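The values are calculated or read from the model by the stated rules, or taken from the named source; none is laboratory data. Note that the structure is a prediction, hence the values are computed from the model and not measured. Cβ coordinates were reconstructed from backbone atoms using ideal geometry, including for glycine residues, and neighbour counts include every protein chain displayed. With ligands, DNA and RNA removed, areas are computed over all heavy atoms of the protein, side chains included. Shrake-Rupley method; radii C 1.70, N 1.55, O 1.52, S 1.80 Å.
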Amino acid sequence: MKFSSFWLKCTVSATAFFLPGLAPQLAAKNTPSNKPDKRPNIILILSDDMGYSDLGCYGSEISTPNLDTLAANGLRFTQFYNSARCCPTRASLLTGLHPHQTGIGWMAQDQGTDSYRGHLNKNCVTIAEALKLSGYDTFMTGKWHVAGDNYNPKRDTSNWPCQRGFNKYYGTLRGAASYFDPHALFKNNTPTSAYNDDEYKPQQYYYTDAISDYSCKFIKEHLETSPDQPFFTYIAYTAAHWPLQALENDIEKYDGKYTQGYHPVRRARFEKMKQLGLISQDCTYSETVGSWDDCTYKQWESRCMQVYAAMVTNMDQGIGRIVATLEQYNQLDNTIILFLQDNGGCAESMGRDYNKTWNIKPRSPLAPEEFPSYYKPPVHTRQGLPVLGGKNVLPGPANSYIAYGRNWANVSNTPFREYKHWLQEGGISTPLIVHWPAGINKNSNGQLRHQLSEVIDIMATCVDLAHAEYPKKYNDHNIQPMEGISLLDAFNNSSTYKYSQRPLCWEHEGNRAIRLGDWKLVSNAYFNQSKKFETYELLPLDQWQLFNLATDRAETNDLAKQYPEKVKQLAQQWQSWAKRINVFPKPKRINNSN
C-alpha cells in the first residue's frame with residue numbers, strides 16, 4: 001500500500017527551530033452516546049533489543065524514513081527511560097507500575113517471592129483493561145512475554161493477552177523465536193503456525209511483516225465495523241532481537257555499509273546526534289568497544305550488522321503500512337502514535353561461537369499443521385535443515401541463529417556505556433517518538449523534549465488521553481495506584497510537567513540506579529556464576545558510581561569520591577524506593593536461562 005502525497009512529502013528537518021504550541025482541548029469526558037466518540041485512537045509501538053541511536057532520526061545510518069517522518073511531524077524525547085530488559089519493561093509499559101510491583105522483578109520465571117513470580121499479578125491492570133472499561137476497542141500484535149513459562153494451551157491462560165484486556169491478539173508468547181517459523185505463535189488463545197493460517201498466506205512468511213500486516217488487518221476491521229469508537233492497539237515487534245534473520249532484498253540494501261568496522265559508524269552517529277540536538281555539543285564520547293583491526297572474521301562481522309540493519313528497516317516499512325492504513329480511513333490526525341524500545345542494544349553472544357550440538361543431520365520437513373518445537377536455538381528449520389551458528393555461517397536465512405554481539409551493540413548505544421541488562425545509559429535509554437496531529441500544535445513539529453520521563457508514564461498518558469477512570473478494584477482484586485505521570489503537559493513543554501522534580505529508580509538482576517535531576521547514581525551487581533544458576537550480591541556503598549548527566553551523559557567521569565554526601569543521599573533514596581516497591585527480599589539464586 002502506498003502513502004498519500006501528504007505523507008510522502010513529509011521530511012525530517014534536523015536543524016529547524018520551532019516555537020512550542022498548545023494542544024487543543026480533548027473531547028469532553030462524557031461523550032454523548034448519540035455522537036461519535038472523538039477521543040483519540042492510541043497506537044503503542046515497542047521494538048525489541050535496539051539501541052538509542054539505531055533510528056535515522058536519532059542519529060543512525062539505518063534507513064527508517066517512516067519513523068523519521070513521524071518524528072518530523074511530531075516530537076522526540078531525549079531523556080526517556082525503559083527498564084533495561086524485555087520482561088520488566090513490558091510489565092511496566094502495560095501497567096504503569098515498577099516491574100517488582102507487577103510480579104516481574106526479574107524475568108519470566110517464578111523465583112519464589114511475590115515480586116519475582118515471572119507473570120503479571122492480579123493487583124495490576126493493563127492499559128487494555130483500563131481503556132476497555134472506558135469504551136475503547138483493544139487489540140494487540142507481537143511479543144507478549146509477561147506470562148511466565150505457562151505457554152501450553154492446556155494450562156492456565158489467565159495472563160495471556162485476551163485475558164488481560166485485549167479483544168484480539170496475534171503474536172508470540174515467548175521472548176525470541178525464528179522470524180521465518182516462530183514457535184509459541186497464537187491467534188487469540190489458539191495456537192497457530194506460519195504455515196497453517198487460513199487468513200494470512202504471504203508468498204514469504206516473515207514475522208515482522210506478519211506483525212505489521214495483522215496490525216493493519218485489526219485496524220481495518222475496527223474502522224469498518226466500529227468507526228465511531230476509539231481503539232487502543234499495542235504493537236510489540238521482536239525486531240531487532242536475535243536471531244539475525246531478514247529478507248534478502250532488505251539485506252542487499254546494506255551491501256558494503258559496515259565493512260569499515262565499528263568506530264567510523266559509531267563516530268558518525270555521535271556527530272549526527274550532536275547536530276540533531278539529541279546530545280549536547282560538549283557531550284563526552286565513551287570508548288568504542290572492539291578493534292576492527294584485530295577482527296579475524298571481518299566479512300562475517302560486517303554481515304551481522306548488515307542483517308541487523310535490514311531487520312530495523314523492515315520494521316520501519318511495516319510501520320509505514322500501518323500509517324497508510326490510518327490515512328486510508330482518514331484517522332491519522334486523530335490517532336496518537338507512540339514508539340519506544342524495551343532496552344538498549346544487546347551484547348549477548350547467542351550463536352556467535354560454534355556449538356557441537358549443531359553438528360546434526362537434516363530431518364524430514366514438518367507438515368503445515370505441525371508446530372515447531374521450542375529450542376533455543378531451534379535444532380531444525382521447518383524444511384528440515386539444521387540450524388547453525390558460528391563464524392563460518394553467515395547470518396540472515398532461516399537456518400542461521402546468531403546475535404550481532406557486544407561490539408555492534410556498543411555502536412547501537414552510541415555514545416553510551418553498557419547494554420541491555422545493565423542500568424547505565426546504554427541499557428535504559430530509549431527513543432520516544434510521539435505523533436499526534438490533532439493534539440500537538442504544528443508549530444511544535446520536529447521539536448525535542450528533554451523532560452525526564454520513563455516507561456511507567458505511558459499508562460498515565462493513555463488514561464489521560466482516554467479520559468478513563470483508573471480502577472481501584474478490578475475482578476475483585478485491589479489495584480495498586482499508578483506510579484507514572486501523564487506526558488500530555490510535556491508534549492507542549494508546559495511548566496506544570498513535574499516528573500523532573502522526583503527521582504527515577506531502577507533495579508534489575510541486582511544492578512541498581514537512581515537519577516534525580518542531573519545526578520545519577522549507578523551500581524552493577526557482583527555475580528557468582530555456576531552451570532545453571534547465578535547468585536548476586538548488592539555491592540557496598542563505596543561501589544556506587546556517581547555522574548552528572550548534564551555534562552557527562554555517557555557516564556565517563558565518576559564523581560563519587562568528590563561528592564560522598566551526594567552518593568549517600570541518593571543511595572538512601574534508592575533504598576527507600578526499593579523497600580516501598582518490594583525489591584526485597586531478593587531471590588538468592590536466579591535461574592537466568594531465558
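Rolling a 1.4 Å probe over the protein heavy atoms leaves Lys132 with an accessible area of roughly 90 Å².
Largest accessible area first, the listed residues Val307, Val289 line up as Val289, Val307 when surface is computed with a 1.4 Å probe on the assembled protein chains.
Leaving ligands and nucleic acids out of the surface, order Asp558, Asp137 by accessible area at 1.4 Å, largest first.
Asp558, Asp137
Only helices enter the 222 nm calculation for the chain: every DSSP H run of n ≥ 4 contributes -39,500 (n - 2.57), and dividing by all residues gives -7000 deg cm²/dmol, rounded to 500.
For Gln341, the amide hydrogen comes within under 5 Å of the amide hydrogens of Ser47, counting only partners 5 or more places away or on other chains and with H modelled in the peptide plane. Amide H contacts for His380 (H built 1.01 Å from N in the peptide plane; partners 5 or more residues away or on another chain; cut-off under 5 Å): Val387. Taking a ≥ b ≥ c as the square roots of the eigenvalues of the alpha carbon gyration tensor, the range 48-184 is prolate, as a/c is not under 1.5 and a/b beats b/c.
Matching the structure-derived Cα extents along the principal axes in Å against the labelled list [x] 66, 65, 51; [y] 119, 78, 65; [z] 94, 62, 44 gives the label [x]. About the centre of its Cα atoms, the chain shows a dipole size close to 720 debye [charges on the beta carbon of Lys, Arg (+1) and Asp, Glu (-1) only; nearest 20 debye].
Couplings 3J(HN,Hα) for the range 456-468, derived from phi with the Karplus relation 6.51 cos²θ - 1.76 cosθ + 1.60 (θ = phi - 60°), are 5, 6, 5, 4, 4, 5, 5, 4, 5, 4, 7, 6, 8 Hz, where x marks Gly and Pro. Residue by residue, the range 51-64 carries 3J(HN,Hα) couplings of x, 4, 9, 7, 9, x, 6, 10, x, 7, 8, 5, 7, 9 Hz when phi is fed to the Karplus relation 6.51 cos²θ - 1.76 cosθ + 1.60 (θ = phi - 60°); x denotes Gly or Pro.
Here the contact order of the range 191-317, divided by its residue count and restricted to Cα pairs under 8 Å and six or more residues apart, works out to 38 percent.
The solvent-accessible area of Arg117, taken with every protein chain present and a 1.4 Å probe, is close to 80 Å².
Each of Ile337, Trp408, Asn392 was placed along the dipole of the range 327-413 (beta-carbon charges, centred on the mean Cα), and the one lying farthest toward the positive end is Asn392. Report, in listed order, any pair from Lys201/Lys361; Lys217/Lys253; Lys473/Lys579; Lys122/Lys201 with a Cα-Cα distance greater than 31 Å. Beyond 31 Å between Cα atoms: Lys122/Lys201.
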